[in-house]
Amino acid sequence: MKRLAVLLPALLLVVSCAACGPSPRPEVSPNPSPEPTLTSEPWPEDWQAGYHRILADWSVLEVCGNLSYLPQYFGDAYGFDSYFLCDVDSDGTPELFLDSSTMGLTAVCCYDAGPVGVFYDRFDVNKQTGELIVAGH
């Protein structure tokens, strides 16, 4: 929760992502499992391996965060089709931003030996300046 307390106010400001360098781009799975992957397999300690797991089947976030409303509201348009990483809170571990072109929303999660603090909002990225813009502000 302390990470969320730091992350949320930071997202309300225009955040510069100029320091976010390119990373290997695994594909976001367009067709996740029909049911969230409920497994006893522990999450990897490494954020990179953890994010690869999420990108292979982002429905795992439904059991780790508060995304249960989205499939009910958006139906067939529910899904994420791109992502980006940005270390918003400058702790050395980037946050994962899963973007949806159909819902117009972006889900955000931190990683600390598993996904933490999953929430969603409307985000835009100014590609010229590298700034992250929250809900048009």
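The values are calculated or read from the model by the stated rules, or taken from the named source; none is laboratory data. From a predicted model like this one, the values you see are computed outputs, not experimental measurements. In this analysis, Cβ positions are derived from the backbone assuming ideal geometry, glycine residues included, and neighbour counts consider all displayed protein chains. Keep in mind that these areas ignore ligands, DNA and RNA; they rest on the heavy atoms of the full protein, side chains included. Shrake-Rupley method; radii C 1.70, N 1.55, O 1.52, S 1.80 Å.
For this structure, a couple of remarks:
- Each peptide in 65-72, 92-99, 124-131 gets a packing score, the mean of other Cβ atoms within 10 Å over its residues, and the list from highest to lowest is 92-99, 65-72, 124-131.
- In order along region 70-75, the phi-based Karplus estimate (6.51 cos²θ - 1.76 cosθ + 1.60, θ = phi - 60°) of 3J(HN,Hα) comes to 4, x, 5, 7, 9, x Hz; Gly and Pro are listed as x.
- By accessible area with a 1.4 Å probe, ligands and nucleic acids excluded, highest first: order of 58, 43: 43, 58
- Rounded to the nearest 10 Å², the accessible area of residue 45 at probe 1.4 Å: 150 Å²
- Sorting 90, 100 by solvent-accessible area of protein heavy atoms yields 90, 100, largest first, with a 1.4 Å probe.
- Accessible surface of region 41-93 [probe 1.4 Å, protein heavy atoms]: carbon and sulfur percent: 49 percent
- Dipole magnitude of region 63-137 about its Cα centre (Cβ charges: Lys, Arg +1; Asp, Glu -1), debye to nearest 20: 200 debye
- Extreme residue, positive dipole direction of region 54-137, given options 114, 58, 71 (C-beta unit charges): 71
- Gain in span if fully extended, residue 129 to residue 46, counting 0.36 nm per residue against the direct Cα distance: 26.9 nm
- Couplings 3J(HN,Hα) for region 47-64, derived from phi with the Karplus relation 6.51 cos²θ - 1.76 cosθ + 1.60 (θ = phi - 60°), are 4, 5, 5, x, 5, 4, 4, 5, 5, 6, 7, 5, 5, 4, 6, 5, 8, 9 Hz, where x marks Gly and Pro.
- A straight line joining the Cα centroids of region 42-68 and region 114-133 runs 17 Å.
- Rounded to the nearest Hz, the phi-derived 3J(HN,Hα) couplings of region 82-87 under the Karplus curve 6.51 cos²θ - 1.76 cosθ + 1.60 (θ = phi - 60°) are 7, 8, 8, 10, 7, 7, where x marks glycine and proline.
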